[in-house]
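Colleague: A single structure is presented below for examination.
The values are calculated or read from the model by the stated rules, or taken from the named source; none is laboratory data. Not measured: the values here are computed from a predicted model. Cβ placement follows ideal geometry from the backbone for every residue including glycine, while neighbour counts extend to all protein chains displayed. The protein model used for the area step is the full one, side chains on, heavy atoms only, and it has no ligands, DNA or RNA in it. Shrake-Rupley method; radii C 1.70, N 1.55, O 1.52, S 1.80 Å.
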Amino acid sequence: MNWTSTILEPYRHVGDKPADEFFQKVFEQGQLQTLNEIFKALAKNKHNNITSLLKDKTLISEFESYMQETSTLPAWADHSKMQRASKLFKLYNPRILMILLCKSIPTCYSCAKGAKVLNVTGRIETHDGSINSITRRLMETAQFIYNILPDHRLQSDGVGIQSIQKVRLMHASIRSYAANMHWDFEKYDVPINQEDLAGTLLSFSSLILEGLEQTGIKIKDEDKDAYMHFWKVVGHLMGVQDDLLVDSYASGSALMKGIINHQQAPSEDGRKLTASCIAFMQHMLKAKMWEKEPARMIRFFVGDETADVLGVENIKPKHWEAKLLERLFNEQESHIGLIGRMLRGTAYLMSHELVNALKATHNKAKESLFEIPASLSDFKSKIPFPAIPEIEHIDEAIHYQKLLTDHFQEENNPLGYFAAIYWLVTRKVRDGIKEGKFKLPEMMEKVDVGFANRYFAAINAYNSGQKATGPWQLTFDAAERNNLIVNQHVFVACNAHIGFDLGITVAEEFTPQTVLSFKEDFLMMNTLFMGLYTQMNFDIHHISWEFAAVMDVMKNDYVKVENLFMTIARDKAWTNVLSLSLEGDNLPKAISQLEKEAVNFGKSIISPDPIFENIISKIAKGESGTVADRISVMEHGDHIMDLQ
């Protein structure tokens, strides 16, 4: 649909009838003081206290009915889509927060009439040293997102429903004030009208999805539409008219384009609000290195035209910044240019910094901390996962490896790092088998399946609370620690699976007389597994800028050490195969000895020299995003070479 100004204009003269009628009755009964108290209760998240403020029994009854009616999801709400949207938010919430501050909110500020409402309604000013009204609203908007999007927050008694009811009542109270306090309706229309509400809703939905793609994230169409559906449900609960609620990314983008064309215009209010948004982010980020980035990020996300409307400074990178960031970020993505690569990388790092800053921020006006659900950032408890049966085909291995990657991602569990890379490697093995790269393709699949079964057996033990083999138990225990970097989690799992499981798997499939026939294929398969180092070298630029900078400075030496380690590991794996295949009846004893060696080597990975351990711990604290976010980086960045 082509949303023209003629179509949209009537919506600017309509508010939210059910909520507006309630507040008008409060005003008509001469309860202006009550209205002020309601206003304060809403601002401090104490909307459950409103009933006690109302003196008229009829008003109390109407208010309770209104709250009950607005707590019910519409019959058309698709819970599977809503869960999918929650999962997308969980995966990318640090970036979504940054896009909210650098794209969604500034785009709203670029609409002059809406900016007038936001600037004039300063709400409750405080003089106790708390953040000012504009920056407090930014913090509350961010909190609103975190209150409603995590899974199960939109249950009838959930914090998500309560947050939506609060905001809807707050909007109605502002319209009630305006209707009785000389608001210029002819010039500025109804405050927080239906077009404004629809535009705000889309800034939280379609603009967020657009922003994620600007940072290089590719989102499936079904995930986009699920995210849009979630916000359609929220829009219904917020009192947005049905004909302004959209259910797809394409239709949402079209409506947002129409609203911007209809309302965007330069204004002093918009510039003031944007300057406050930039100041808010600078205050949150604190460090000097981030001082210019909020303005640079806003221009990157909203584009030059909107940035100019908002008076955002056009900051060009210095030569040394460009050179450094060119080395650190997305060297393969030449099509987006140097500045594009630089800004994508900066956006990734800045999002993590903003989340950490907000978690430590105290809103004195509400006497509360900014709250981010632990499920979005911390690995606290395991989610049940059914036991994986013994498999017979490589496609089954790939299927379960992907399920595990998604599962660990949902848990924010560091075990997902290895699961993601293992899934990529196994796909390469399968492709090699299909393309005839191996001399013994049937045996290669049999070995790969047996290899995967040992991994799944370890995971089954982990998920059921049983003890796993020594190297795997060490890996599982390491997943509980928060002072290890991604590389350590991956390498300790590689030690368990390649250093311990692989030799046993091959030895169980071959006799001493036939094992040599498999050497060439074994080395080729091992080359693929060692390709995970190449994968890690690429991923680290997206996960830890500190480690990436060190690695870039020492690039040649680092690669030499890596290659040496790969060669030693490959040769050791083959030596294990040969020695284990010759053990015969002594195989269990030989496996026990190998297990001890693998445990000791694993300990050296997760507990290196104290000096290095201290450095690594500091680097771990600087890794960007949530665990789920990092798993996504590793899952989508396929840089493991194909078999020749």
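Colleague: If R0 is 51 Å, what FRET efficiency do you get for Asp151 and Leu516 from their C-beta distance, rounded to 0.05? Please list the in-between numbers first.
Modeller: On the way: r = 53 Å, r/R0 = 1.04.
Using R0 = 51 Å, I get an efficiency of 0.45.
Colleague: With no solvent and one equal point scatterer per Cα, compute the Debye intensity ratio I(q)/I(0) for the range 202-291 at 0.12, 0.17 Å⁻¹ and report its log10, rounded to two decimals.
Modeller: -0.53, -0.91
Colleague: Using only Cα atoms, what is the ratio of the radius of gyration of the range 148-297 to 2.2 N^0.38 Å?
Modeller: On the way: Rg = 17.5 Å, N = 150, 2.2 N^0.38 = 14.8 Å.
For the range 148-297, the normalised Cα radius of gyration is 1.18.
Colleague: Continuing with this model, one more query. Take the cross-link list Lys57/Lys166; Lys439/Lys572; Lys17/Lys257; Lys434/Lys589; Lys218/Lys467; Lys81/Lys288 and give me the ones stretching past 31 Å between alpha-carbons. Could the numbers behind the result be given before it?
Modeller: Values: Lys57/Lys166 21 Å; Lys439/Lys572 22 Å; Lys17/Lys257 26 Å; Lys434/Lys589 37 Å; Lys218/Lys467 38 Å; Lys81/Lys288 42 Å.
Exceeds cut-off: Lys434/Lys589; Lys218/Lys467; Lys81/Lys288.
Colleague: Just to confirm a number: summing +1 for Lys and Arg and -1 for Asp and Glu over residues other than Pro512 whose beta-carbon lies under 14 angstrom from that of Pro512, what do you get?
Modeller: Details: positive: Lys519; negative: Glu508, Glu509, Glu583, Asp585.
Combined, the nearby Lys, Arg, Asp and Glu give -3.
Colleague: For the range 374-481, what does the convex hull of the Cα positions come to per residue, in cubic angstrom? Before the final figure, lay out the partial values.
Modeller: Values: hull volume 10.4 nm³, N = 108.
Roughly 97 Å³ of hull volume per residue.
Colleague: Provide the FRET efficiency to the nearest 0.05 for the Leu440-Asn600 pair, computing r from the beta carbons and using R0 = 51 Å. Could you put the intermediate results ahead of the total?
Modeller: On the way: r = 33 Å, r/R0 = 0.65.
Using R0 = 51 Å, I get an efficiency of 0.95.
Colleague: Expected output is a single nm value to one decimal: the length gained when fully extending between Asp184 and Thr575, i.e. 0.36 nm times separation in residues minus the C-alpha distance. What is it? Walk me through the numbers before you get to the answer.
Modeller: Working: separation 391, 0.36 × 391 = 140.76 nm, distance 8.40 nm.
Length difference between fully extended and current span is 132.4 nm.
Colleague: For q values of 0.18, 0.27 Å⁻¹, compute log₁₀ I(q)/I(0) with the Debye formula on a Cα-only model of the range 432-495, without solvent.
Modeller: -0.75, -1.08
Colleague: Then there is this: Heavy-atom accessible area of Glu508 with all protein chains present, probe 1.4 Å, nearest 10 Å²?
Modeller: Looks like 110 Å² after rounding.
Colleague: Find out how many positive minus negative residues lie around Glu64, taking Lys and Arg as positive, Asp and Glu as negative, among other residues whose Cβ is under 13 Å from that of Glu64.
Modeller: Working: positive: Lys57; negative: Asp56, Glu62, Glu69.
Net charge in that neighbourhood comes out at -2.
Colleague: Also, quick follow-up: Just add up the charged neighbours of Pro191: K/R +1, D/E -1, any other residue whose Cβ is under 12 Å from the Cβ of Pro191.
Modeller: Details: positive: Arg12, Lys113, Lys116, Arg175, Lys187; negative: Asp16, Asp20, Asp184, Asp189, Glu195, Asp196.
Net charge around Pro191: -1.
Colleague: For the peptides 72-80, 104-112, what is the packing order when you average, over each peptide's residues, the other Cβ atoms within 10 Å and list the highest mean first? It would help to have the intermediate numbers written out before the result.
Modeller: Working: 72-80: 11.7, 104-112: 24.8.
So the peptides 72-80, 104-112, ranked by packing, come out 104-112, 72-80.
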